[in-house]
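Asker: Pasting a structure below so you can have a look.
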Amino acid sequence: MANFFLNIAVAVATFLLAFLAYYLVILPKYNPLQRLAGPPTQGWFKNHLQVILDPSISPQVNEFYTQKYGRSIRIQGVGPWDVRLLTLDPVSVAHVLKNSSIYEKPWQSRRLITSLIGCGMLAAECLVHKRQRRVATPAFSIQNLRGLVPLVFKKGNELKDKWIQMANEHPEPVRIDVCHWISRATFDVIGLAGFDYNFNAIENESNELFSAYKEMFEVAISQSRPIRTIFRIYAPFLSSLFPDKTLQTVKRCQGVIHRVAGHLVQEKKAKIAQGLEAGVPYAGRDLLSLLLKSNVATDLPMDQRISDADILHNINTFMFAGSDTSSLSLTWTLLLLAQNPAIQDRLRDEIHSLYNAVSNLPYLHNVIRESMRLIPPVHSSIRVATQDDEVPVSLPVHYRDGAIMNQRSTVTVPKGSFVHVAVEGFNLDKSFWGADAWEFHPDRWDNLPETASELPGLFSNTLTFSAGPRSCIGLRFSMIEIKTFLYLLLTNFTFQPTEDKILKAYVVLTRPYISGKYKEGSQCPLIVLPYNR
Ligand code: HEM
């Protein structure tokens with residue numbers, strides 16, 4: 001009997017050793033990405049992710065890497081088996097983003113997103129994603145988004161009134177954490193535009209549904225418990241079996257969302273059905289109504305329709321993907337304007353002279369493009385190859401042995417490898433944008449170098465909204481929101497920086513923090529002075 005157990009133990013140990021040898025030695029040795037040049041690895045579990053994902057140093061890191069290793073760079077992920085491609089070659093990144101059936105989002109990040117907001121467009125893949133995107137696309141058309149303008153004006157005016165009230169309460173210049181307040185305002189906008197629901201968050205933060213979303217999104221960005229997060233990804237059943245406080249919070253918030261937002265879905269469905277019956281189509285133009293209408297459109301085949309659960313998951317996705325992104329872009333733009341008073345004055349002059357046509361102001365457009373190029377809220381993204389692939393390159397490939405191939409036209413990416421999409425890396429690349437690429441210079445857009453105008457990207461040759469079939473569906477939405485808010489804020493206030501040094505940190509999105517006060521959370525205080533013409 002003892003022999004039997006000994007044999008089992010030996011067999012298990014041999015299996016484990018073989019498994020470790022395969023992952024730690026054999027797999028990395030024969031991975032074709034190993035042939036590429038890249039930064040040295042300092043140990044089995046030392047990775048390069050921290051430096052490439054930290055926006056306070058990533059521009060310097062990318063510049064150093066490209067000079068030393070070329071534009072198809074080998075980096076190490078979480079272990080020696082995880083050899084990744086960091087590409088700063090525009091042809092390669094266009095290939096990866098265009099071929100979304102070969103390059104999917106990794107299941108690990110999809111599982112994490114799904115565990116919070118459900119499997120909406122951000123997390124879905126293949127046919128499920130295609131179906132959802134098809135149903136949602138009409139809701140984001142120019143025609144349907146027209147109704148957004150008065151709504152954003154209403155909320156922008158509420159924010160303006162709030163800030164005027166705060167300014168009047170203090171005899172000295174008021175210091176406002178614009179990050180916090182704009183986030184409340186963009187939440188209000190997405191609530192009304194998303195499902196015709198007023199969180200009333202500018203006024204106060206007590207709404208039950210608002211608190212549920214806010215708390216749940218805070219869980220998404222809190223990085224305090226990495227071990228728990230690993231369990232949630234790799235062993236969700238164990239996490240559910242022994243829920244910690246965070247998981248209990250998520251469950252509670254999901255309960256509220258399911259009850260309140262689920263009720264809104266049913267209410268809207270009933271209105272649409274009544275409208276169809278009465279021959280007077282329901283006029284609701286919020287995203288939820290538009291999604292529900294598009295889902296029952298007669299020209300949509302039955303097998304292309306999505307379930308009520310998917311509708312709710314996508315509303316959650318719009319809340320998640322559409323609130324902080326826009327509010328951070330606005331926050332960073334206000335900070336840049338505060339730091340560049342001449343640009344702020346020039347922009348205010350333009351807005352004043354043409355206040356009716358917010359969407360057609362050239363300098364406003366340049367300022368927004370420039371701010372979103374310089375500080376894209378989505379710092380980078382990641383894809384995993386679902387099959388062996390040859391990625392085309394347009395620039396020389398450097399090899400580990402020192403060889404440089406000018407003629408080579410592809411890099412071999414084996415199935416299962418991760419590819420890093422350096423959104424900020426491309427946006428700040430001096431070889432494409434010029435020596436002043438790291439500076440805030442809105443006039444560059446009137447004279448873009450040819451090298452930049454050839455870069456891929458949904459928005460103005462930048463990757464800020466990604467590119468290809470998985471690019472941002474909310475681009476137009478956020479442009480309306482950002483332009484309208486800037487119009488209202490700049491015609492009523494001037495902005496000055498405080499003595500605090502603002503740093504960038506990547507916490508799911510690139511967020512502002514006060515130097516030395518990271519623990520206080522994301523904030524961006526500015527001196528806000530009422531502006532009278
Ligand atoms: C400044 C504002 C915004 C920025 C910078 C931004 C950026 C992005 C980026 C980079 C992606 C691709 C993510 C990836 O590949 O990992 C994305 C996807 C997405 N965004 Fe946005 N976004 C913004 C606003 C919005 C808004 C307002 C909405 C909705 C109301 C929205 C909804 C989505 C959705 C649903 C996806 C997933 C699309 C898909 O996979 O088919 N975004 N966004």
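Asker: Quick check: anything in the range 443-457 of a type in the set (Gly, Ala, Ser), in contact with a Leu (Cβ under 9 Å, 6 or more places away or on another chain) and more than 9 Å from the ligand (Cβ to nearest atom)?
Answerer: The answer is yes, given that some residue of the range 443-457 is of a type in the set (Gly, Ala, Ser), in contact with a Leu (Cβ under 9 Å, 6 or more places away or on another chain) and more than 9 Å from the ligand (Cβ to nearest atom).
Asker: With respect to Thr114, determine if the residue is buried (at least 16 other Cβ atoms within 10 Å of the Cβ) and farther than 30 Å from Val397 by Cα.
Answerer: The answer is yes for Thr114.
Asker: Something else now. Can you find even one residue in the range 493-504 that is free of Cβ contacts under 8 Å to residues at least 24 places away in the same chain, more than 9 Å from the ligand (Cβ to nearest atom), acidic (Asp, Glu) and under 22 Å from Leu335 (Cα atoms)?
Answerer: yes
Asker: Sticking with this structure for a sec: How many residues does the range 295-306 contain that are closer than 15 Å to Ala273 by Cβ and either surrounded by 11 or more Cβ atoms within 10 Å (Cβ to Cβ) or within 25 Å of the chain's Cα centre (by Cα) (or both)?
Answerer: 4
Asker: Given the criteria touching a residue at least 24 places away in the same chain (Cβ under 8 Å), out of contact with any strand residue (DSSP E or B) (no Cβ under 6 Å at 6 or more places or on another chain) and more than 12 Å from the ligand (Cβ to nearest atom), does Val528 qualify?
Answerer: When the stated conditions are applied, Val528 does not pass them.
Residue by residue, here is whether (1) closer than 21 Å to Phe459 by Cα; (2) more than 14 Å from the ligand (Cβ to nearest atom) holds:
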{"site": "Phe320", "(1), (2)": "yes, no"}
{"site": "Leu330", "(1), (2)": "yes, no"}
{"site": "Leu334", "(1), (2)": "yes, no"}
{"site": "Asn360", "(1), (2)": "yes, yes"}
{"site": "Ala385", "(1), (2)": "no, yes"}
{"site": "Pro414", "(1), (2)": "no, yes"}
{"site": "Ser417", "(1), (2)": "no, yes"}
{"site": "Ala435", "(1), (2)": "no, yes"}
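Asker: Let me ask something additional. Looking at the range 353-365, I want the residues that are closer than 15 Å to Val152 by Cβ and have a partner that is among the aromatic types (Phe, Trp, Tyr) and modelled with pLDDT of 70 or more with Cβ atoms under 9 Å, at least 6 apart or on another chain. Which pairs are those?
Answerer: Tyr355/Tyr487; Val358/Tyr487; Leu364/Tyr487
Asker: Same structure, new question: Which of (1) away from the ligand (no atom under 15 Å from the Cβ); (2) in a helix (DSSP H, G or I); (3) surrounded by 15 or more Cβ atoms within 10 Å (Cβ to Cβ) is the odd one out, the single condition Phe237 does not satisfy?
Answerer: Going through (1) away from the ligand (no atom under 15 Å from the Cβ); (2) in a helix (DSSP H, G or I); (3) surrounded by 15 or more Cβ atoms within 10 Å (Cβ to Cβ) one by one, Phe237 breaks only (3).
Asker: Additional query: Please verify whether Glu203 is more than 16 Å from the ligand (Cβ to nearest atom), at pLDDT 90 or above and among the charged types (D, E, K, R), treating the condition exactly as stated.
Answerer: The answer is yes for Glu203.
Asker: Same structure again: For the range 51-61, indicate whether the set of residues that are of a type in the set (Gly, Ala, Ser), surrounded by fewer than 18 Cβ atoms within 10 Å (Cβ to Cβ) and either closer than 30 Å to Pro512 by Cβ or at pLDDT below 95 (or both) is non-empty.
Answerer: yes
Asker: Any chance the range 423-431 includes a residue that's of a type in the set (Lys, Arg), surrounded by fewer than 23 Cβ atoms within 10 Å (Cβ to Cβ) and modelled with pLDDT of 95 or more?
Answerer: Looking for residues that are of a type in the set (Lys, Arg), surrounded by fewer than 23 Cβ atoms within 10 Å (Cβ to Cβ) and modelled with pLDDT of 95 or more, one finds at least one in the range 423-431, hence yes.
Asker: Right, another one. Could you list, in sequence order, all residues of the range 468-483 that are within 13 Å of Ile368 (Cα to Cα), within 15 Å of the chain's Cα centre (by Cα) and either within 6 Å of the ligand (Cβ to nearest atom) or among the β-branched types (Val, Ile, Thr) (or both)?
Answerer: Ser478, the sole residue that qualifies.
Asker: Given the criterion free of Cβ contacts under 8 Å to residues at least 24 places away in the same chain and of a type outside the set (Phe, Trp, Tyr), identify the matching residue among Glu158, Glu172.
Answerer: Glu172
Asker: Additional query: Pairs under 8 Å by beta carbon, first residue within 19 Å of Gln387 (Cβ to Cβ) in the range 102-120, partner within 13 Å of the ligand (Cβ to nearest atom) and in a helix (DSSP H, G or I), six or more apart or different chains?
Answerer: Tyr103/Val96; Tyr103/Leu97; Glu104/Cys126; Lys105/Arg470
Asker: Regarding the range 368-387, can at least one residue be identified that is buried (at least 23 other Cβ atoms within 10 Å of the Cβ), at pLDDT 95 or above, farther than 30 Å from His441 by Cβ and of a type in the set (Val, Ile, Thr)?
Answerer: Taking every residue of the range 368-387 in turn, none turns out to be buried (at least 23 other Cβ atoms within 10 Å of the Cβ), at pLDDT 95 or above, farther than 30 Å from His441 by Cβ and of a type in the set (Val, Ile, Thr).
Asker: What's the total number of residues in the range 432-467 that are over 20 Å from the mean Cα position of the chain (by Cα), buried (at least 19 other Cβ atoms within 10 Å of the Cβ) and either among the aromatic types (Phe, Trp, Tyr) or under 23 Å from Ile52 (Cβ atoms) (or both)?
Answerer: Of the residues in the range 432-467, 6 are over 20 Å from the mean Cα position of the chain (by Cα), buried (at least 19 other Cβ atoms within 10 Å of the Cβ) and either among the aromatic types (Phe, Trp, Tyr) or under 23 Å from Ile52 (Cβ atoms) (or both).
Asker: Run down Glu481, Glu520 and say which single residue is farther than 15 Å from Gln339 by Cβ, acidic (Asp, Glu) and surrounded by 21 or more Cβ atoms within 10 Å (Cβ to Cβ).
Answerer: Exactly one of Glu481, Glu520 is farther than 15 Å from Gln339 by Cβ, acidic (Asp, Glu) and surrounded by 21 or more Cβ atoms within 10 Å (Cβ to Cβ), namely Glu481.
The values are calculated or read from the model by the stated rules, or taken from the named source; none is laboratory data. Predicted, not measured: the structure shown is a model, and the values here were computed from it. Using ideal geometry, Cβ is built from the backbone for each residue, glycine included, and neighbour counts are taken over all protein chains shown.
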